[in-house]
Amino acid sequence: MEFVHNIYIYLGLIGTISFILFSLIIVVVIFLYAFVVCIYCPQKSPLFKFGKRFLIVIAHPDDECMFFAPAIQQIKSAFSRHPENFTDIYILCLSIGDFYKQGNIRKKELIQSCSILGVPSGNVFVIQHTKMPDSPHCVWRDDLVGRIILKYTNMLSVDVVISFDERGVSGHPNHISLFNGLSYLTDEDLVPVGCRFLLLKTVNKLRKYCSVFDFPLSVCEDGCVLISCPLYILRAQRAMRAHSSQLVWFRWLYIFFSRYMIINSLVELKKKNKTD
Ligand SMILES: [Zn+2]
């Protein structure tokens, strides 16, 4: 009997210690987050060492707020604070998201979502190309993607293009096609002079759904790390709600738990070495 009693005491002690440690970690992370966000000035954003005119290239309507909301809002905020340092941002979406035949609805949702994020409809371009269908089974031709991106890069005189990395965050082949398109331009020496490509870094699934708790790890990594303040997080969630045709139950989980709604880690795409 005494043995059972001791086990109960022992388990209770372990539970209490675990609870205290867990609470302590949460408090420390939230404190660090608040500290970094408070001292963080968007006009000093590490993004601006790369350029002043930005093009965000996405594959589907809703990618802009599911994955790139921190970057978009940081650029917009810097522009509104310092319009003299002319900064502009454009969104180029390479499909209308027609996999479930909802392309026309999704196009309107994209415009609405961008407007919530601060990007006017005149700065949003949506491509509908028969060889680039919205499909989880289709990899788009890298030269086709690359040349479309190049056309808009030149037309809009942007100096920074931001898109997905080689794992496309969710592994969607259309996302990965955007990376392939940018790599094509880099490897073929077709990148306009002064233009740089930044890629949204894919993290593992555990980190992906850690929300703000991925922040300590993110700031310790290489690259350009952008962190949204609470106001931006709420705005990103509002933009996501504009995609009402996509709001199935697991999207709500994504909205509340994904670190991409709060943190963007960007790395620069470099030309492959011939010996690689
Ligand atoms: Zn997508």
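The values are calculated or read from the model by the stated rules, or taken from the named source; none is laboratory data. Computed from a prediction, not measured in an experiment: that's the story for all the values here. Heads up, the Cβs are rebuilt from the backbone with ideal geometry, glycines too, and the neighbour counts pull from every protein chain shown.
Residues in segment 162-173 that are over 25 Å from residue 48 (Cα atoms) and either outside the structural domain of residue 92 (by TED's automatic domain parsing) or near the ligand (Cβ under 9 Å from one of its atoms) (or both): 2 in all. Residues in segment 127-137: is at least one in contact with a strand residue (DSSP E or B) (Cβ under 9 Å, 6 or more places away or on another chain) and either more than 13 Å from the ligand (Cβ to nearest atom) or within 20 Å of residue 199 (Cα to Cα) (or both)? Yes: one or more hits. Applying the condition of being part of a loop (DSSP other than H, G, I, E, B) and touching a residue at least 40 places away in the same chain (Cβ under 8 Å) to segment 203-235 and asking which residue is farthest from residue 142 (Cα to Cα) yields 229.
Restricting attention to segment 136-157, which residues are surrounded by fewer than 16 Cβ atoms within 10 Å (Cβ to Cβ) and within 20 Å of the chain's Cα centre (by Cα)? Selection gives 136 alone. In the set 189, 222, 214, only one residue is farther than 19 Å from residue 71 by Cβ, charged (D, E, K, R) and away from the ligand (no atom under 16 Å from the Cβ); that residue is 189.
Have a look at 116, 89, 176 and point out the one that is surrounded by 17 or more Cβ atoms within 10 Å (Cβ to Cβ), within 16 Å of the ligand (Cβ to nearest atom) and under 24 Å from residue 264 (Cα atoms). Of the residues listed, the single one that is surrounded by 17 or more Cβ atoms within 10 Å (Cβ to Cβ), within 16 Å of the ligand (Cβ to nearest atom) and under 24 Å from residue 264 (Cα atoms) is 176. Within segment 203-238, if we keep just the residues that are among the β-branched types (Val, Ile, Thr) and within 15 Å of the chain's Cα centre (by Cα), the residue that is surrounded by the fewest Cβ atoms within 10 Å (Cβ to Cβ) turns out to be 225.
The strands (runs of 3 or more DSSP E) found wholly in segment 46-161 and carrying at least 1 residues that are in contact with a Lys or Arg (Cβ under 7 Å, 6 or more places away or on another chain) and over 23 Å from residue 172 (Cα atoms) occupy 88-93. In summary, residue 166 fulfils each of the numbered conditions (1) crowded, with 16+ Cβ neighbours inside 10 Å; (2) assigned to a loop (DSSP other than H, G, I, E, B); (3) of a type outside the set (Gly, Ala, Ser); (4) in contact with a strand residue (DSSP E or B) (Cβ under 9 Å, 6 or more places away or on another chain) with the single exception of condition (1).
Among the residues of segment 190-202, those that are surrounded by fewer than 19 Cβ atoms within 10 Å (Cβ to Cβ), outside any strand (DSSP E or B) and in contact (Cβ under 8 Å) with a residue 40 or more places away in the chain comprise 190, 192, 194.
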